[in-house]
């Protein structure tokens, strides 16, 4: 491997210039997709895109930028058969790396802290939506077993990375497309190159990044941003979309979900936030027609229809990124995040004041002489009854004896 090759292999994917050649001896190998099965169900557009992929990847001067263009442009890599060939390549994984496992997978969970492992098991048990509804019990059990192993394998190799809920959905998507053995390395590479900040000890950095949505809405749909701020809604409705690449939302729609993975693998790190912004703006009328409060608006934004015109939305997201790259709006992002912290502090103070008031009311009730109140009530009732009887007796005696 020459010096250029060696330097390329060390450069993070997000920093790799588009001008770098995609196929470098010792680092990459041109994938052979000539034997890919062309299903009769493919549309004319899909067949044309596959021809375009074949023609481009066979060129010796095929660059990393060309590769990303194929994945991010209309229809992406089209089929899972092609994805199995190209996902490892766009992640710059060699064939030797894909064949290496190292640790014994059956016992890999023993290297994971038990509380983390137990959470993984719970989340994996809820991952059945990634499989067809007619999957057998055996298929489901095997899927759960492999999904647990692929997650534990990555976490064991990177003990500084923390598991988060939703990571199981990313892993499930990779497992379905790649299979277990190559899927180990594809998930590992995606985790270290794209998801690492989601796997820090806290989500503070992620919470701040979500405000790219507000900074972008300020530019493309200010009235919608004002509406969201008026109902005191933060952009955390997009957290699951951002941290799972929509795998949590569209687990039952494989063709759409895998297409989105093509797009994100071929895009900068923050592209999911640009797509979220485009989707929110696209649904503006629906949001405006929703009951204007936090709860109803949040529910609408957390429910994504699968009928959205995604190819158009992806194109618009790329344009938005070009018009407003992250570095051009990062100051506004920080400003929105400061507002968020101030608002959270305000809510915290209100909650504390409410708690203190409730506690004071409780203490006042405790201090009241509850046990004496019934006694006095009974005493006053007794006196009243005795008085009435005495008056009645006096009247009777007076009437009977002629007393004046």
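Values quoted throughout were computed directly from the atomic coordinates according to the rules given, and no laboratory measurement underlies them. As the structure is a computational prediction, the values presented were derived from the model and not from experiment. Please note: Cβ atoms are built from the backbone with ideal geometry, for glycine as well, and neighbour counts cover all protein chains shown.
Can you order the peptides 213-220, 264-271 by their average number of other Cβ atoms within 10 Å per residue, highest first?
Per-residue Cβ counts within 10 Å, averaged per peptide and sorted highest first, yield 213-220, 264-271.
Kindly rank 151-159, 50-58, 273-281 from highest to lowest mean number of other beta carbons found within 10 Å of each residue.
Going by the mean number of other Cβ atoms within 10 Å, highest first, we get 273-281, 151-159, 50-58.
Take the Cβ-Cβ distance between residue 157 and residue 58 as r, set R0 to 41 Å, and report the resulting FRET efficiency rounded to the nearest 0.05.
Computed FRET efficiency for residue 157 and residue 58 comes out at 0.75.
At R0 = 22 Å, how high is the FRET efficiency between residue 110 and residue 80 if r is their beta carbon distance? Nearest 0.05 is fine.
Result of the calculation: an efficiency of 0.10.
Report the calculated FRET efficiency for residue 356 and residue 229 (r = Cβ-Cβ distance, R0 = 25 Å), to the nearest 0.05.
Working from the Cβ atoms, E equals 0.30.
For the pair residue 286 and residue 125, how long in nm is the line joining their label points, each one 7 Å along Cα→Cβ?
My value for the distance between the label points is 3.3 nm.
With a 10 Å radius around each residue's Cβ, average the other Cβ atoms per peptide and rank 349-357, 221-229, highest first.
Descending packing order for the listed peptides: 221-229, 349-357.
Could you work out the relative contact order of the range 210-345, using alpha carbon pairs under 8 angstrom and six or more residues apart, expressed as a whole percent?
Value for the range 210-345: 36 percent.
What relative contact order, as a whole-number percentage, does the range 128-205 give when Cα pairs under 8 Å and 6 or more residues apart are counted?
32
When only Cα pairs under 8 Å and 6 or more residues apart are kept, what is the percent relative contact order across the range 123-275?
Computed value for the range 123-275: 25 percent relative contact order.
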